[in-house]
Each structure stands twice: as structure tokens, then as C-alpha cells.
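Scroll down for the structure; my scribbles are underneath it.
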Amino acid sequence: MTSHILFRGGRALVPGGFAEAVLVSGGVIAAAGPESDLARLAPGAEPVDLDGGLLVPGFTDAHIHPVQAGLERAKCDLSEVYGLDDYLARIASYAEAHPDREWVDGGGWDMSAFPGGLPHRSQLDFLDRPAYLIQRDHHAAWVNTRALELAGITRDTPDPADGRIERDPDGTPSGVLHEGAMDLVGLLTPRPTAGDLLDALLDAQQYLFSLGITGWQDAIVGSYAGSDDQLPAYLSAASSGRLRARVVGALWWDRTRGAEQIPGLVERRAMAEGLDRFRATSVKIMQDGIAENFTAAVIEPYCRCGGTGLSYVEPALLDRYVKELDALGFQVHFHAIGERAVREALDALSGTDPDNRHHIAHLQIITPEDVPRFAALGVTANLQPLWATHHAQMDELCIPYLGEERSSWQYPFADLVRHGTRLAGGSDWPVSSADPLQAMHVAVNRTEPGGSVHVSYPTALTPFLPQQSLDLRTVMTAYTAGSAWLNRSPAGVIEEGRPADLAVLDRDPFALEPGEIWTTGVRMTFVDGVPVHG
């Protein structure tokens, strides 16, 4: 392509409105405005026909796990099917296709496909080898009897402090390992090589380009629940020029340790200094689990089963650790699902430097009194909108156990905006789809998008707390300017002087009925004005 590109034949999303055309020169946005004016500026520019579609800034995913996703795409991937019969067929097919592999491992199963959210080891005992399959949310693993035997897990094995071994009525392990208990088996599975991790990253990058994603924040760069450290893969890809996306790595906070790990985090951050496409300037703290297995930290006990979940880092210590990280210039990236975990994160961030751009991801439940604190403290709300619908996991495994009042506090996107909270958008892929346009559909409609495996659920098209819906521009800005700002990326906005990280949508979602937003796809993606997809 020439050094000048003229995007024309549709509209471009620019701050405050739309432009008729956009001119890119030398990989940088030169101007946005009327096509005739831009054509005179660069008469030899190569035209790119939008064909009635919309030109948008490349999306930035503020909470994602690409290396893990890339690894899972090469293993037994259950994410594209649903239900026990389909899972078992996919597992059997994988095992037959890979007779040389010592384990059947992978993941992507959904808790809502099983009574009470729990599969059983016996369902996998048809296999001739051990099995380890991570749940879609990565907060549990489904294993067979052979895997339990190899790990030495019996009815006498105690639960780890940060997890739970699900058990049959007689105390025998049932085959589901929650949270920290996953490592009891996960660490025995075959470890990927350095080459495997690099290949997984590059495979994921190309897939994300196909969705218009040109930057992200990897939410776990370290070792967690049997995973392997992704930092060497990022350093290799960035130093060799194969990492084209703009990436921040959130270094994993080991909840079994304390402040003594901070010097090591500083050293890991320094390993990425000077790299153009990768920085390790964030620290990820997982403060609780998930509501579906009652490990999300809540204030009042869960209905029917009691208990208030887990705070993985004791709040007084959390406050101290966060203040130390803040003083060292780290951004803190929290996982917080339950309302107690959200409050503990906000308390720890009180008095920190807003310029470090701290953020809290997931935010399933926020008490009304805590909603205004995000804007007051300068904390970004990192949203994963795809989860804010009526689906089996919500209606059968969350709402009955959260209770009516607490259920009404879920995913309060509009309330956060009304109080002036800065938003970022993320997917948590491979936990859920990486497609930003599917997530935008949910944020606007609060219903399942048409392509979802959950769309056939009886209430999937009934809006979930519709008063918390966002307008399309607000949520698209979260996925572009909002997430780019969080990452200190120069991209994310179509305006003069910015890098030409752009995506061409195959239609203009602003011209569609809200219920059709999910039909929008990505035709082309550019990084620095160079096509990387389409």
C-alpha cells in the first residue's frame, strides 16, 4: 500500500460524532472530515472503500487471557458446544484424534449444563487416561477418577485454604475442584514448552485481529491454577517484532505470599522496559472467586446455602500491599465479583494516585452506596458486558442464591456512568467470547446476542435489569478510548496524530435496530496503517 490511505464510502467514529472520511499518512491519522477535502490533501492516496460500513478505532480489550486461550484452542476445546452429550462427544472425538497424548486436557464447559452446576468424575471415566478440563470461567476443573488417583486426592485430603474439593455424600471427591484446589491436579498435566506458549500467543493475536482488536491487557501474566508464565512469550514476541498489538501485561499477585514478592514484580516490570509493543506495568490481584460456586465475597450470607465467600487477600494486608504497589508506580488491576470484594478493593485504592489508572474488573455486584466511589476515587470500571443477561448460569446458579435485593445490584453499568465513572471494556476470553461487538450488543440490550450458545434459554431475550443498559456510543467508547487510556496506549481515538490502529466494520451498527447490533462483523483491521486482517 502507499504511504497515504483514504478511508471513504461510509462513516468514521470520531470524538463527538462521525466523519465522512479519514486520511492516514505514514501509519498515522492525518485528518478526518469531508472526503473531497481529504482527497485534495493527498491526491495519490490509496482508497479503502468502507462500502457503507463504519470505521472505528481498533478495539482494546482491557481484561483478556490470549495465551491461555491460544493454548486451549489447540486442546480439547468445549467452548463452542453446550450440554453434557455435546461435551462428551467432543471429548471422545479429541481423545480418539490424539491417542498419543498422556492427558485429555482443555476446557470451556459451562456450569449451567449440569444439575447444581456440578459435573461428576464418573462421566469422564470412559477415557483410558486422566482428564483435566477447566470450567469456562476458569474457577473450577472437571477431572476423572484416574486424575484424582494420580494426584492422591482421597476423602481424607483437606481442602486448600483458597479452594474446595467437591465431594459426594460419603466424602469421596466427586471430580470438581474449585479455585486453589485446581492446582492439585492441574500442576500434574503436561506443561507447554516455550514454543507452545509463543505459538499460542501468535495464534491468539491473529484471531483477535479478526475481531478488530489491536491492543489488550493480559489479566494474568504469571502462573495461576496450573497455567504457565506468559511473560517469556510476550518478551520474545515483542523483541522479535512478531507482537504487533499494543499490550500491557498484568503481573500476577501470588495470594499465598505477601509483600516479599514486590521486588520480584519490579524486576519483571524492568524486563519489558524499552519494548515498543509490550509493557508489564500492571499487577493483577484476584480478591475473590465467582458467585456460582459461592466463592465470590459477599456481605450477607448466600441464600439457601449460607457462607459469605472468600477474600483471597485479608483486607488489612490488601490495603498495605496496594499502597506499596501504588507508590512504586504500578497500576493495580483487581478481579472483584462479590460486593464485599468490590468494597475491599475500593477501600484499598482509597488515597492512591489516580494517575496510576487503577481499575476493578467484572463488578458483578456493587452495593448502591459503593457505586459513587469509583468516580470519587478515580477508579476505572472494567466491564465484561457479555455476562449481564438472563442465561442458565444467572437464573439458576446466581439469582436464587444472591436473593432479590442483591440480584438487583448486578452489573450496574448505567449507574456507574451517571456518577461519572470512567469505563473500560473487556471480554475475559477464553471465559467468554472475545468479540467486542457481541459484548456491545449485550450492554445496549441486556439480552443474549443472536449467535450465543445460550440464546435458546427461555429468558435469554428478556432484558436483564434493562435500566442498567448503555447507549452504543458509550460502550463503544469504553472498548476504544476507555481501554486504550487505561493501557496508556496512543491509539483508541480517530484524530490527528494518533496511530492508525483501525477496524472496518461490515455495517454501521449505529444505523441498525439495537437488537441487530450483534450481526456486525469486522472486514479489515489495520495496525499503524498496515492491514493485519482482511
Per DSSP, loop trypsin sites (Lys or Arg not before Pro) in region 235-301 with at most 14 further Cβ within 10 Å: R242, R257
Descending principal axes extents, the chain, alpha-carbon based, whole Å: 79, 54, 51
Could you list I299, I134, I153, I165 in order of exposure, starting from the residue whose Cβ has the fewest other Cβ atoms within 10 Å? I299, I153, I165, I134
How would T367, T256, T447 line up from fewest to most surrounding beta-carbon atoms within 10 angstrom? T256, T367, T447
Put one equal scatterer on each alpha carbon of region 208-332, apply the Debye formula with no solvent term, and list log10 I(q)/I(0) at q = 0.16, 0.21, 0.22 1/Å to two decimals. -0.86, -1.18, -1.24
Only bridges whose two residues both fall in the chain count here: according to DSSP, what percent of them are antiparallel, nearest 5? 45
Coil-residue GluC sites (Glu not before Pro) of region 469-534, DSSP, other Cβ within 10 Å capped at 16: E495, E496
Radius of gyration and Dmax for region 261-406's Cα atoms, expressed in Å? 16.4, 53
Please report the antiparallel percentage of DSSP beta bridges with both residues in region 327-483, rounded to the nearest 5. 10
Residues with amide H under 5 Å from that of R246, placed H, sequence gap 5 or more: G215, W216
Counted neighbours (other Cβ, 10 Å), sorted fewest up, put R373, R40 in the order R40, R373
Can you work out D for region 1-67 in µm² s⁻¹ from Stokes-Einstein, where Rh is the Kirkwood radius over C-alpha pairs, the temperature is 25 °C and the viscosity is 0.890 mPa s? 193
Specify, per residue and in Å³, the volume enclosed by the convex hull of the alpha carbon atoms belonging to region 196-237. 77
Express the Stokes-Einstein translational diffusion coefficient of region 102-186 in µm² s⁻¹, to the nearest whole number, given a Kirkwood radius over alpha-carbon pairs, 10 °C and a viscosity of 1.306 mPa s. 127
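Only the coordinates and a few stated rules stand behind these numbers; no lab work does. As the structure is a prediction and not an experimental result, all values here were calculated from the model. Using ideal geometry, Cβ is built from the backbone for each residue, glycine included, and neighbour counts are taken over all protein chains shown.
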